[in-house]
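Peer 1: Input: one structure, supplied below.
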Amino acid sequence: MSAPRWDGLLLDARLATLREELGAYGAIADGAIGWKDGVIAFAGRRDELPGDPATLATTVESAGGRWLTPALVDCHTHLVFAGDRAPEFERRLQGVSYETIAREGGGILSTVRATRAADEEALLAAALPRALALRADGVATVEIKSGYGLDFDSERKMLRVARRVGAETGLDVRTTYLAAHALPPEYAGRADDYIAAAIEWLPRLHGEGLVDAVDAFCEGIGFSPAQTRRLFDAARALGLPVKLHADQLSDLGGGGIVADYAGLSADHIEWTNGEAVTAMARAGTVAVLLPGAFHVLRETKLPPLDALRAHGVAMAVATDLNPGTAPLQSLRLAMALACTHFRLTPEEALRGATVHAAAALGLRDRGRLALGQRADIAEWSIAHPAELCYWLGGSLLHTLRLRGTPPPP
Ligand code: NIG
Ligand code: FE
C-alpha cells in the first residue's frame with residue numbers, strides 16, 4: 001500500500017472557496033479539502049477526490065457539514081500600543097471632535113506617551129489579548145503598524161513586539177512602518193525635519209527585517225502630500241511597497257498619491273474623488289474600507305463605493321484596531337459594519353476580509369480555498385456564509401487551521 005500523500009483531509013465540508021468561476025461564494029456543497037506541508041493539495045467536490053480518502057491522507061476527519069472559508073486576513077491594524085483612550089471616547093461623545101483632541105496634543109500623541117513609557121514585555125502583554133481576540137474570530141494573517149513610537153527606539157520596539165506577536169500566536173504578522181503617523185512634540189513646527197528623520201530610520205529598521213511595507217497619515221492633522229511623497233520615494237528606493245491613510249477626514253488626493261507609486265492600498269478613503277479612483281483602478285491599488293473608524297467617529301461621508309465598483313477596484317475590509325478611532329477587536333464585526341454602513345453584500349465583505357485583504361498586503365498565496373494556497377482554513381458553526389456578517393458578536397468559529405494545524409491555545 002502506498003504512503004498517504006497528504007497530511008490532512010476534511011470530508012463532509014461545505015466550501016466557500018471564493019473562486020470567482022464557481023459563482024456565489026465559490027460554493028461547493030459536498031466538498032473536501034486536503035493539504036500537505038501547509039499548502040492546499042485539494043479543494044473540490046468529494047466525488048472528485050483522486051482515490052479512497054483513507055489512502056489519501058495521514059489524518060482524515062469529518063467537518064460535520066460545516067462551512068469552511070479561507071481564514072480571515074486583517075490587513076490594517078495598530079494593535080501594538082499601551083494604555084487606552086476611554087476618556088477621549090467620553091469627550092467625543094460630548095461633542096469634542098477627533099481633530100480638536102489631536103490638536104490639543106491628545107489623541108494619537110497620548111498613546112505615543114504611553115507606548116514610549118512601556119517596555120517591550122509590557123507592550124507585548126498588552127498586544128497579545130487583542131491578537132488572540134482577532135484569531136478567535138477567524139483571523140490567520142494580520143498586519144500591524146508602528147506609529148505610536150515616533151522616535152527610532154520606540155518605533156523599533158513596536159515593530160519587534162509585532163514580530164513577537166506572530167511568534168507567540170502563530171498568526172502570520174506583516175509589519176508596516178508608520179512613523180509618519182503624527183508629529184512628535186520634540187519636532188513641533190518642524191514636520192519636514194521629522195520626515196527626514198523617519199526616512200533615515202527606515203533603512204536601519206528594514207535592515208533588521210522589521211519592515212514589510214511603509215504607510216503614512218496624509219491629512220491636515222497628519223502629513224502633507226509632499227511629505228508623504230518624500231517618504232514614499234525613500235520606500236521605493238528600498239524596494240518596499242507603500243500604503244496610505246488616505247482621505248479619511250478630507251480630500252488631499254491621497255488615493256492618487258498611492259496610485260502614483262503603484263501602492264498596495266489606499267485606506268479609509270471616505271473623501272477620495274472619482275479621478276483618484278480611476279488612478280487606483282489603473283494601478284491595481286486596493287481600497288481598504290475601515291467601517292469601524294467610520295462608525296466610532298460617527299462619520300457620514302461614505303467612501304466612493306459606486307465608483308470603486310464601477311472601475312473594478314478591489315475592496316478590502318479591515319478592523320483598523322487602534323485605541324482612538326477603532327477599538328474593534330473582531331474582523332467579523334468590521335465585516336458586519338461594512339454591510340450596514342457601506343452596503344457591501346456579505347459576499348463582498350467576506351472577499352474583502354480574505355482575498356482582497358491579502359492583496360492589500362501584496363500576498364497572492366492566501367484568501368481562497370484553491371490548490372497551492374496556504375492551508376489557512378476557518379471552519380464555522382453556521383448554516384449560511386452570510387451569517388458571518390449577520391451576527392454581531394458570538395462565537396461562530398469552530399476550528400481555525402494555520403497552514404493545516406490548529407494554533408497553540
Ligand atoms: O487609522 N487616522 C489615523 N490613524 C488611525 C487612528 C489612530 C489613533 O487615533 O490612535 C486610524 O484611524
Ligand atoms: Fe489606521
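Peer 1: Using Cα atoms only, what is the angle between the long axis of helix 225-237 and the major principal axis of the chain, expressed in degrees (0 to 90) to the nearest 10?
Peer 2: Helix 225-237 sits at roughly 50 degrees to that axis.
Peer 1: Determine the dipole magnitude for the chain: charges of +1 sit on the beta-carbon of Lys and Arg, -1 on that of Asp and Glu, nothing else is charged, the reference point is the Cα centre, and the result goes in debye to the nearest 20.
Peer 2: Details: 41 positive and 50 negative charges, 57 e Å.
Value, rounded to 20: 280 debye.
Peer 1: Considering the options 397, 305, 29, tell which one lies farthest towards the positive end of the dipole of the chain, charges being +1 on Lys and Arg and -1 on Asp and Glu at the Cβ, about the Cα centre.
Peer 2: Farthest towards the positive pole: 29.
Peer 1: How many percent of all Cα-Cα pairs in the chain sit more than 26 Å apart?
Peer 2: Numbers: 43308 of 83436 pairs.
So the pairs more than 26 Å apart make up 52 percent of the total in the chain.
Peer 1: Can you work out the Karplus-derived ³J(HN,Hα) for every residue in region 319-333? Use 6.51 cos²θ - 1.76 cosθ + 1.60 with θ = phi - 60°, whole Hz, and x for glycine or proline.
Peer 2: 7, 6, 2, 7, x, x, 8, 7, x, 10, 10, 9, 5, 4, 5
Peer 1: Relative contact order for region 72-360: what is it in percent, counting Cα pairs under 8 Å that are at least 6 residues apart? Numbers along the way, then the final one.
Peer 2: On the way: 603 pairs, mean separation 50.7, N = 289.
The value is 18 percent.
Peer 1: Might you report the magnitude of the Cβ-based charge dipole of region 304-369 about its Cα centre, with Lys and Arg at +1 and Asp and Glu at -1, to the nearest 20 debye?
Peer 2: Charge dipole, region 304-369, about its Cα centre: 160 debye, nearest 20.
Peer 1: Have a look at 319, 80, 369 and report the one farthest towards the positive end of the charge dipole of the chain, computed about the Cα centre with Cβ charges (Lys/Arg +1, Asp/Glu -1).
Peer 2: 369
Peer 1: Dipole of region 1-73, Cα-centred, from +1 at each Lys and Arg C-beta and -1 at each Asp and Glu C-beta, to the nearest 20 debye?
Peer 2: On the way: 7 positive and 10 negative charges, 20 e Å.
Here region 1-73 has a charge dipole of around 100 debye.
Peer 1: Farthest toward the dipole's positive end in the chain, which of 42, 123, 253, given Cβ charges of +1 (Lys, Arg) and -1 (Asp, Glu) about the Cα centre?
Peer 2: 42
Peer 1: Listing 21, 120, 387 from the residue with the fewest other Cβ atoms within 10 Å to the one with the most, what is the order? Kindly include the intermediate steps, with their values, before the conclusion.
Peer 2: Numbers: 21 6, 120 13, 387 16.
Result, fewest neighbours first: 21, 120, 387.
Peer 1: At a 10 Å Cβ-Cβ cut-off, how would you order 261, 177, fewest neighbours first? Don't skip to the end; give the middle numbers.
Peer 2: Values: 261 20, 177 28.
The order, fewest Cβ neighbours first, is 261, 177.
Peer 1: Please figure out what share of the DSSP beta bridges in the chain is antiparallel and state it in percent, rounded to the nearest 5. Mind showing how you got there, number by number?
Peer 2: On the way: 23 of 55 bridges.
That works out to approximately 40 percent antiparallel.
Peer 1: Same structure again: Sorting 75, 339, 218 on the 10 Å Cβ count, fewest up front, what's the list? Let's see the in-between values first.
Peer 2: On the way: 75 32, 339 20, 218 29.
Neighbour counts put them in this order, fewest first: 339, 218, 75.
Peer 1: From Cα pairs below 8 angstrom and at least 6 apart in sequence, can you work out the relative contact order of region 64-175, rounded to a whole percent? It would help to have the intermediate numbers written out before the result.
Peer 2: On the way: 145 pairs, mean separation 39.7, N = 112.
Once divided by the residue count of region 64-175, the mean separation gives 35 percent.
Peer 1: I'd like the distance separating the alpha-carbon centroids of region 335-409 and region 216-264, in whole Å.
Peer 2: 28 Å
Peer 1: Can you tell me the orientation of helix 108-117 relative to the chain, as the angle in degrees between its alpha-carbon axis and the longest Cα principal axis, to the nearest 10?
Peer 2: The helix 108-117 is inclined about 80 degrees to the chain.
Peer 1: Along each of the three principal axes of the Cα atoms of region 25-133, give the extent in whole Å, ordering the values from largest to smallest.
Peer 2: Extents along the principal axes: 67, 33, 19 Å.
Peer 1: Taking a virtual spin label 7 Å from the Cα of residue 300 along the C-beta vector, which residues in region 73-111 bring their backbone nitrogen under 19 Å of it?
Peer 2: Within reach of a label on residue 300: 92-100.
Peer 1: For the chain, compute the number of Lys pairs whose alpha carbons are separated by less than 25 Å, excluding pairs fewer than 8 positions apart on the same chain. Working shown, then result.
Peer 2: Numbers: 145/157; 145/243; 157/243; 243/301.
Taking the chain as the scope, the lysine pair count is 4.
FYI, it's all coordinate maths here, none of it is from the lab. Worth saying up front: this structure is predicted, and the values here are computed from it rather than measured. Note that we place each Cβ from the backbone using ideal geometry, even for glycine, and neighbour counts take in every protein chain shown.
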